[in-house]
Structures are given as structure tokens and as C-alpha cells.
Amino acid sequence: MGQKVHPIGFRLGFVKTWNAKWYAGSKNYPILLKEDVSIRAGIRARLRDAAISRIDIERSTNQVTVTIHTAKPGVVIGKGGSKVEELRQVLGKTTGKAVKVNIFEIRYPELDAVLIAENVAQQLERRVSFRKVLKQTVLRSMKSGAKGVRVAVAGRLGGAEMSRREWEREGRVPLHTLRADIEFGRAIAKTTYGTIGVKAWVYKGDIEPAPRQVAQNAPGGIAPRPIAPPAPPPPAPVPVAPLAAPSAPPVVGA
């Protein structure tokens with residue numbers, strides 16, 4: 001009871017994938033991990049108003065590919081691509097490698113859990129009533145096509161002395177179903193009377209996972225059973241000629 005699992009980490013390798021795609025040994029792993037954290041923190045610090053949802057990082061031998069998912073691509077690109085070029089040079093100095101920056105536009109920000117949580121946090125910082133914010137956010141997401149939305153806030157709501165937790169839900173959010181496509185996002189609202197945490201879940205439907213295929217010669221794989229050949233049909237019966245009736249014995253005359 002009460003033990004929670006991250007909805008995206010729970011589905012990794014099933015219907016979700018990783019935000020960082022690279023491999024390193026035990027010596028280089030902590031260095032590259034710290035580099036990933038600094039890349040994400042630097043991008044979010046420079047582009048606070050760009051509505052960034054996710055930052056994917058892929059590494060090859062001499063190149064780092066950074067994909068920015070944002071609802072405002074114009075803010076990230078800048079006039080004539082000036083901001084992107086400046087960002088690429090800064091990341092190149094941070095990593096010491098060639099950096100390629102891709103920008104992916106989010107066309108429906110009402111269905112992105114991270115953007116929903118950040119929007120709620122911004123409204124709470126402007127001292128809007130949290131109940132009004134929760135209801136409007138949930139209704140807006142449901143109208144955009146979501147099958148289920150849940151938004152929760154926790155902290156000193158309304159400036160109360162004792163913190164509490166309130167949430168609003170519409171539709172269904174099946175957190176125990178692995179094939180459910182659920183987006184999860186968190187944000188922090190820094191108010192004058194303390195910080196308020198915001199969490200958002202968005203259920204978009206089910207994803208049927210691709211069937212797993214095991215090679216026959218793979219190590220540790222279970223080889224399929226050979227299929228037995230069909231049994232031959234039984235031989236046809238050989239016709240047998242009927243026996244001739246015994247002839248009567250000759251009559252011997254007296």
C-alpha cells in the first residue's frame with residue numbers, strides 16, 4: 001500500500017523508450033550521465049519560455065544528437081536560426097564533440113503531461129484558485145482527445161497553514177495496464193508562501209506491443225519443437241477371392 005512506481009519507467013522496453021540512447025562502460029558511464037544532466041539543465045535554463053516537454057540525447061563515436069520536443073519551435077529557433085546556432089555552439093563546448101540539434105514540434109500541448117503540469121504551476125504562481133485551475137485543465141485536455149486525465153497538486157494550497165493534497169480526474173487512467181499509453185509530468189510552483197508540487201497523468205489509449213521473436217540459434221533461446229511429419233495413410237485392403245464351393249463326391253454304382 002502506498003508504494004508508487006513511475007509510469008514511464010514502469011513501461012520502459014514495452015511501450016515506452018528511453019530519453020537517452022547510448023552505451024558506455026563502467027568508467028565512462030558516470031561522466032556521460034553527468035554530461036546529460038548538464039545538457040538538459042542548460043537547455044531548460046536558456047529556453048524557459050519555450051514550453052519544452054522532453055529532451056532526447058543520442059550519442060555516437062564523435063557526435064551528440066539532441067532532440068528538443070517543444071510546443072513553441074519559433075522561440076527555440078530564433079530569428080533566422082540564430083538561437084539554435086548559439087545553443088549548438090554552447091553544447092559543443094560543454095561536450096567537446098560535434099553537436100546536432102533537432103527540433104520537434106508538439107502540435108497538441110493539451111495532451112502533453114509535462115506541459116500540462118507546467119501550465120498549472122504557472123497559474124498557481126499567479127495566485128489563481130487551484131480548484132478552478134484543475135477543473136479547467138482537465139476539461140481542456142479531454143476536449144483535445146484524451147481518454148483520461150488526472151492532475152494533482154500538493155502543498156500549502158491557498159496559503160493554508162497545513163499542507164494537503166487535492167486532485168481532479170476525468171475519464172480513466174489505468175496505471176496497472178502495461179500496454180496503456182500514459183504520459184506523466186511534474187512541475188513545481190514557487191509561490192510566496194512555499195512550493196506546490198504538480199503532477200499530471202494523461203491516458204491516450206492502448207498500444208499493442210510487437211510480438212517478440214526469438215532466433216533459433218540465439219544463445220539461451222529456446223529452439224522451437226520440430227513438427228512431426230504426418231502419419232502415412234493406412235494401406236488399402238487387398239481383395240480376397242471367394243472360396244469355391246466343395247464339389248459333391250462321385251456316386252459309385254453297385
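Taking all protein chains together and a probe of 1.4 Å, list 108, 29, 23 from the most accessible to the least accessible.
Ranked from most to least accessible, the order is 23, 108, 29.
Counting only C-alpha contacts under 8 Å and six or more residues apart, can you give the relative contact order of segment 78-155 as a whole percent? Can you show the working numbers first?
On the way: 36 pairs, mean separation 16.3, N = 78.
Answer for segment 78-155 is 21 percent.
Mind putting a number on the dipole of segment 1-134 about its Cα centre? Charges go on the C-beta only, +1 for Lys and Arg and -1 for Asp and Glu, and I need it in Debye to the nearest 20.
Values: 24 positive and 12 negative charges, 42 e Å.
The calculation lands at about 200 debye.
Choose one of 123, 87, 75: the residue whose Cα lies farthest towards the positive end of the charge dipole of segment 71-130 (beta-carbon charges +1 Lys, Arg; -1 Asp, Glu; about the Cα centre).
Farthest along the dipole direction, towards plus: 87.
Suppose every Lys and Arg Cβ carries +1 and every Asp and Glu Cβ carries -1, with no other charges. What dipole size does segment 84-172 come out with about its Cα centre, to the nearest 20 debye?
280 debye
Quick check for segment 66-176: number of Lys pairs with alpha-carbon distance under 25 Å, counting only pairs 8 or more apart or on different chains?
Count of close lysine pairs: 14.
About the Cα centre of segment 3-57, what is the dipole size in debye to 20, counting +1 per Lys and Arg Cβ and -1 per Asp and Glu Cβ, all else neutral?
About 120 debye.
Tell me, what ³J(HN,Hα) does each residue in segment 138-154 have, in order and in whole Hz, if you take phi through Karplus 6.51 cos²θ - 1.76 cosθ + 1.60 with θ = phi - 60° and put x for Gly and Pro?
Listing the rounded values in order: 5, 5, 5, 5, 5, 5, 7, x, 6, 8, x, 9, 9, 10, 10, 10, 9 Hz.
The values are calculated or read from the model by the stated rules, or taken from the named source; none is laboratory data. Since the model is a prediction, treat every value here as computed from it, not as a measurement. Quick reminder, even Gly has a Cβ in these numbers, built from the backbone with ideal geometry, and neighbours come from all protein chains shown. Side chains included, ligands, DNA and RNA excluded: accessible areas come from the protein's heavy atoms. Shrake-Rupley method; radii C 1.70, N 1.55, O 1.52, S 1.80 Å.
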